[in-house]
Amino acid sequence: MKSVRFHASPVLAVKLPAWRSRAVLCLLFVAFLALLLRAIYLQAFSTRYLQGQGEQRYMVTLETAATRGKITDRNGDVLASSIPAYSIGVEIEDLDATPAELADVARLLEMPLADVKKKIADPVRRFVYLKRQVPPLAAQAIGKLGIPGVRQMKEFHREYPQGEMMAHVVGYTNVDDTGQEGIELAWQKSLAGLDGSRRVIRNRLNQPIEDVASIRAPHDGTDLTLSVDSRLQYLAFTELKKAVDFHHAKAGAIVVLDVRTGEVLALANLPTYDPNDRRKLTGEQLRNRVLTDTYEPGSTLKPFTIALALERGVVKPDTVMQTAPGKFTIGPNTISDTHNHGAITVEEVIKLSSNIGTAKIALKMQPQDMWEMYTAVGLGQAPKWGFPGAVAGRVRPFKSWRPIEQATMSYGYGLSVSLIQIARAYTMFARDGEIVPLTFFRTDATAASPYVKGTQVIPVAIAREMRHMLEMAAGPGGTAPKAQVMGYRVAGKTGTAHKVGVHGTYDGNRYVGSFVGFAPVSNPRIVVAVMIDEPSNGIHYGGDVAAPVFSAVVGGVLRTLNVEPDSPIKSLIIPNDSPKETL
Amino acid sequence: MTRLSAVFALLLVLSGLSLVSSQYRARQLFIDLDRAQIAARKLDVEWRTLQIDQTNYSKHSLIETAAERDLKMQKPSQRRIEYITLPEHGTTPIEAKTPVKTDDAKAGP
C-alpha cells in the first residue's frame with residue numbers, strides 16, 4: 001500500500017506550538033499518577049474498611065441459644081426441662097393478610113379471632129406479640145402460611161411434668177426463662193447457661209463453610225440433681241392431702257429429711273399450684289409453709305429443754321417433778337396442763353407432754369443456756385441452704401426474757417420457727433447428738449461412709465436417752481400413739497399451738513397441729529415433720545391430725561427405701577383416750 | 001536450567017491445584033460437621049421431649065389410678081405382709097411361714 005503523505009495535507013500541515021503536545025503528555029502522566037496514588041491509598045491505607053465491606057457479603061455471626069439446664073430428682077426423673085417453642089409476633093406496618101389467613105392464624109394459635117384483630121389494631125406499637133410459647137408444630141404451620149409481616153422468634157418452653165406435687169421445691173420460670181420461685185430462682189445463674197455466638201463464612205447456598213472465630217462459646221445450663229425422691233414426694237403429698245381434706249384444714253406442710261446425709265427427701269405444701277398453668281395463681285398457693293413461713297412450734301420444742309437440763313445435770317430421767325394441781329403460777333401468769341398428772345418423772349413429762357413439768361425444769365436453768373441451745377440447733381439462725389425466702393425464725397435475745405417467757409419458751413410458745421428448722425433440729429436426737437447441715441442436692445454418700453459430718457450439740461448418751469423418751473411419747477400411753485408404724489419403732493413429739501389472731505392474742509379455736517419424729521429408732525434413717533394448719537373438723541391435737549400422716553409416710557418411706565423392720569410385726573395398740581397435750 | 005524451571009513450574013501448578021481441592025474438601029467436611037451438630041441438637045430436643053413423656057406416663061398418680069381402678073388391685077396392709085429373713089448366702093432360703101389369717105385377708109378379692 002502506498003503510504004499517505006500526511007504532511008502533504010494542508011490541514012495537517014498547520015504548525016502548532018510544541019508546548020501543546022507536551023501539555024497533553026503531562027496531563028496523561030498526571031492522570032496515571034492519580035490512578036496510581038488512588039490504588040496505593042485503597043490497597044495500603046483503607047484496607048480495613050474495604051475488607052469489612054467484603055466480609056459483610058460472605059461472613060455472618062450465628063447465635064447459639066443456650067438451653068436451660070434440666071432439674072431432675074435423685075433417681076433421674078425429670079422435674080423441669082426446656083423444649084423449643086416459638087413466639088409469634090406481627091410487624092403491624094408490614095402485615096398483609098386476608099381475613100381467611102387471619103382466621104387460620106387464630107385457629108393455629110388457639111385464640112379467638114377477635115383477640116388477634118384487637119392486637120394487630122394497636123395504634124401505638126409497631127410490633128406486637130400475638131402469642132408466646134407456641135409449640136413447634138403450630139409455629140411451623142403458621143410459617144407455611146407465608147403471611148408477610150408475621151414473625152417467629154425461637155424461645156424455650158419449660159415443662160414441669162410432676163406439676164403441683166413438686167411445685168414448692170422446683171418453683172417455676174417466667175416466659176423469658178428467668179427463675180421466679182424455688183430452685184429455679186435460687187440457681188438461676190447456673191441453670192441459665194450462656195448464649196454463644198460465632199462468625200462463619202457462608203457459601204451461596206447460605207451454608208456455613210468455615211469457622212472464622214468463636215466470639216463466645218455457648219455454655220448450656222448446668223443440670224441439677226436434687227435430693228428429693230419423686231416416689232417419696234408422691235407418698236408425702238398424697239398423705240398430706242388426705243389429712244388436709246379430711247380435717248378441712250386451711251393448709252398443711254410436710255418435710256422428710258435423710259438423717260445420715262441431711263438431704264431433703266420430700267417437701268410438700270398445701271394448697272399448691274400447677275407450675276404449667278399459672279393463670280389463677282394466688283399468694284396462698286405460692287406460700288412455702290416448710291421454708292418461708294414460721295409458726296409457734298408448741299410442744300415439739302420440749303425435748304430440747306429437757307435435753308439441755310439432762311446435759312447440765314439439772315435433772316435425771318427418773319427425777320420426779322410435781323405437776324399437781326395442774327396449774328402453776330409464775331408472777332401474775334398461770335400456766336396449766338390438760339389434766340392433773342400429779343408427780344411424774346422427767347421421762348413422763350415428755351411422754352405426757354406436761355407444760356408445768358417442762359416449765360419447772362426450765363426455770364432451774366439460765367435463760368442464756370436455753371438461748372444457746374436453741375441457737376445451736378439452728379432456731380432463729382439464718383438458714384444457709386440458699387433457698388429463696390427461707391426464714392430464720394425468731395428467738396428473742398435472752399436478756400429480755402421474763403421468767404414467764406422463759407417458762408413458755410421451754411414448751412414452744414413465744415418464739416417462731418419454720419417447719420424445716422424444727423425437722424433439722426430433730427436430727428440431733430436421731431443422730432447421737434449431732435445436728436446435720438441440710439442440702440437440696442443429692443450427695444454422693446457411699447455405703448462405706450453413709451454419714452455426712454455434723455456438729456455435736458449434746459453428748460451421745462443424752463441423745464440416746466432422749467430417743468427413748470421420744471419413743472415413749474409416740475407409743476401407747478404417750479400423746480401420739482397414732483404415730484406408730486407396724487414393723488418399725490418410731491419416736492417423736494406432738495405439738496398443738498393456738499394461732500395468734502388479728503388482735504395479737506391467742507385465738508380460742510384456731511390451732512396448728514404438728515408432729516416431728518424419726519424412725520426406725522434402732523438406727524434412725526429419716527426425720528419427718530408434719531404440720532396441719534387450722535384443722536376445723538372437730539379435732540385439732542397434733543397427735544390426732546398430724547401423727548397419722550407421720551405414721552403413713554414413715555411406713556411408706558421406709559418400705560420404699562428398703563429399710564429392714566426393727567420391731568416385730570404385730571397389731572398396734574392405739575388406746576382410745578390417749579393423753580392430750582396442753583395448749 | 002530451563003528443564004529445572006519447567007519441573008518447578010509443574011510442581012507449583014500441582015501444589016496450587018491440591019490447595020484448591022483440599023480447601024474444597026475442608027469446606028465439605030465443615031458442612032457435614034455443621035449438619036451433624038444440627039442433627040445432634042434435634043436429637044437432644046427429642047430426647048428431652050421423650051424424657052418428659054416418660055415422666056408423664058410413669059407418674060405415680062397415674063400408675064396408682066390404673067392399678068386401683070382398671071386392674072382392681074389394692075395395697076396390702078401391713079397385716080398381710082409376711083417378712084422373710086433370708087439366712088446367710090449360699091444356703092437355701094427357709095420357707096415362708098403360712099401367712100397370718102386375719103380379717104384383712106378375707107377382704108381381698
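The values are calculated or read from the model by the stated rules, or taken from the named source; none is laboratory data. All of these numbers come straight from a predicted model, not from anything done at the bench. Positions of Cβ are generated from backbone atoms using ideal geometry, with glycine treated the same way; all protein chains shown enter the neighbour counts.
Quick look at the values:
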item: Count - residues of the stretch A:369-386 that are of a type in the set (Val, Ile, Thr) and not in a helix (DSSP H, G or I); result: 1
item: Residues that are among the polar types (S, T, N, Q) and either surrounded by fewer than 20 Cβ atoms within 10 Å (Cβ to Cβ) or touching a Cys at 6+ places or on another chain (Cβ under 9 Å) (or both), drawn from the stretch A:295-337; result: A:THR319, A:GLN322, A:THR329, A:ASN333, A:THR334, A:SER336
item: Any chance B:GLN28 is more than 8 Å from every other protein chain (Cβ to nearest Cβ) and not in a helix (DSSP H, G or I); result: no
item: Top-ranked residue of the stretch A:215-232 - restricted to ones that are part of a loop (DSSP other than H, G, I, E, B) and modelled with pLDDT of 85 or more, ranked as surrounded by the most Cβ atoms within 10 Å (Cβ to Cβ); result: A:VAL228
item: Residues of the stretch A:530-572 satisfying the condition of being outside any helix (DSSP H, G or I) and under 30 Å from B:ILE84 (Cβ atoms); result: A:LEU561, A:ASN562, A:VAL563, A:GLU564, A:PRO565, A:ASP566, A:SER567, A:PRO568, A:ILE569, A:LYS570, A:SER571, A:LEU572
item: Qualifying residue in the stretch A:79-88 (condition: more than 18 Å from the chain's Cα centre (by Cα) and assigned to a helix (DSSP H, G or I)); result: no
item: From the options A:TYR451, A:TYR411, residue that is under 25 Å from A:LEU363 (Cα atoms) and in contact (Cβ under 8 Å) with a residue 24 or more places away in the chain; result: A:TYR411
item: Elements of type strands (runs of 3 or more DSSP E) contained in the stretch A:106-202, each with 1 or more residues being within 14 Å of another protein chain (Cβ to nearest Cβ) and touching a residue at least 24 places away in the same chain (Cβ under 8 Å); result: A:150-159, A:196-202
item: A:VAL78 being surrounded by 21 or more Cβ atoms within 10 Å (Cβ to Cβ) and away from every other protein chain (no Cβ under 14 Å); result: no
item: Filter result for A:GLY196 (touching a Pro at 6+ places or on another chain (Cβ under 9 Å) and not assigned by TED's automatic domain parsing to the domain that holds A:PRO275); result: yes
item: Within the stretch A:519-529, tally of residues that are modelled with pLDDT of 90 or more and part of a strand (DSSP E or B); result: 4
item: Residue among B:LEU86, B:LEU19, B:LEU50 that is more than 8 Å from every other protein chain (Cβ to nearest Cβ), more than 29 Å from A:THR72 (Cβ to Cβ) and not in a loop (DSSP other than H, G, I, E, B); result: B:LEU19
item: Any chance B:TYR57 is farther than 20 Å from A:GLU159 by Cα, within 12 Å of chain A (Cβ to nearest Cβ), free of Cβ contacts under 8 Å to residues at least 24 places away in the same chain and among the hydroxyl-bearing types (Ser, Thr, Tyr); result: no
item: Meets criteria (touching a Pro at 6+ places or on another chain (Cβ under 7 Å), assigned to a helix (DSSP H, G or I) and either surrounded by 12 or more Cβ atoms within 10 Å (Cβ to Cβ) or not β-branched (Val, Ile, Thr) (or both)) for B:ASP34; result: yes
item: Where a residue in the stretch A:380-395 is assigned by TED's automatic domain parsing to the domain that holds A:GLU263 and under 15 Å from A:GLU181 (Cβ atoms) and its partner, wherever it lies, is outside any loop (DSSP other than H, G, I, E, B) and not small (Gly, Ala, Ser), with Cβ under 7 Å and at least six apart; result: A:PRO388/A:LEU185
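Conditions (1) surrounded by 10 or more Cβ atoms within 10 Å (Cβ to Cβ); (2) in contact with a strand residue (DSSP E or B) (Cβ under 9 Å, 6 or more places away or on another chain); (3) in a helix (DSSP H, G or I); (4) at pLDDT below 95, marked per residue:
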position	(1), (2), (3), (4)
A:HIS7	no, no, yes, yes
A:ARG20	no, no, yes, yes
A:PHE29	yes, no, yes, no
A:ALA39	yes, no, yes, yes
